[in-house]
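The values are calculated or read from the model by the stated rules, or taken from the named source; none is laboratory data. The shown structure was predicted, so the numbers you read here are calculated from the model rather than taken from an experiment. Neighbour counts are summed over all protein chains in view; Cβ atoms, including those assigned to glycine, are modelled from backbone coordinates with ideal geometry. Calculation scope for accessible area: heavy atoms of the full protein, side chains included, ligands and nucleic acids excluded. Shrake-Rupley method; radii C 1.70, N 1.55, O 1.52, S 1.80 Å.
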Amino acid sequence: MPQSQNQQMEQDEQDELLRRRLEERARQETEPEESGKALLKRPQVRAYVNKGQRYEDMHSSASAFFLMGGVLAAIVLLNLTGILRLPLIAPMDLIFPLLAALLAAGCFLVAFSSRKRAFVLKQEAAEEEQQTEDILSWFLKTYTAKELDEQLLMEEPELSGEELVLKRYELIQDFLITGRDIPDQAYADSLCDLLYARLYEQEESA
């Protein structure tokens, strides 16, 4: 009886060892597949924030600082005229209005600077928008989705799935770089996204 129990325990240990080996082998076989998929993912660079969005952010920032400066200036004025009495002890009752006035002046200074920068960005945003439309129009008139895929499949007939998507992005970017001088990599990537959407996404969703 004890001998049969020992044999059963040995058999269980062997079964457990075999199960672990099979799991390890399966994991090793799936790892190259997962790493290959990771390589096929399009590399991401910093997200491009267009000048239109930067103008909106700068304009909002200027408005916020104007509001903050106005509130602080109103508090100082009301306090100095005696309309608003703050429960402060000496010498804070003298120091606080001075500090608040300095903060209000700082807020107005930042607000004016931001407003000036926003004005410049607004003009640059209009120019960038026109430039983007010109580049997109030029590319779409020069190349079609069919022509791009024909060129890719001519060189690598087995392309498909995520690998094909990645190669499309690379080819679009190559044509952008050779056809137009675009020094900003993030801007070039944003153009690639727009072009890919116009060339392929409508076709893929159809």
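Some values worked out for this structure:
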read-out: Extension gain (nm, one decimal) between VAL120 and ALA47, 0.36 nm per residue minus Cα-Cα; value: 24.1 nm
read-out: Projected label distance in nm at LEU67 and LEU166, using a 7 Å step from Cα toward the beta-carbon; value: 4.7
read-out: Accessible-area composition of segment 159-200, carbon plus sulfur, in percent [1.4 Å probe]; value: 50
read-out: From phi via Karplus (6.51, -1.76, 1.60), per-residue ³J(HN,Hα) for segment 114-121 in Hz, x at Gly/Pro; value: 5, 5, 5, 5, 5, 4, 5, 4
read-out: Förster-model FRET efficiency, 25 Å R0, ARG85 and SER60, C-beta, rounded to 0.05; value: 0.15
read-out: Label-point separation, LEU159 to ILE182 (7 Å along Cα→Cβ), nm; value: 1.7
read-out: Shape call, segment 80-179: gyration tensor on alpha carbons, a/c limit 1.5; value: prolate
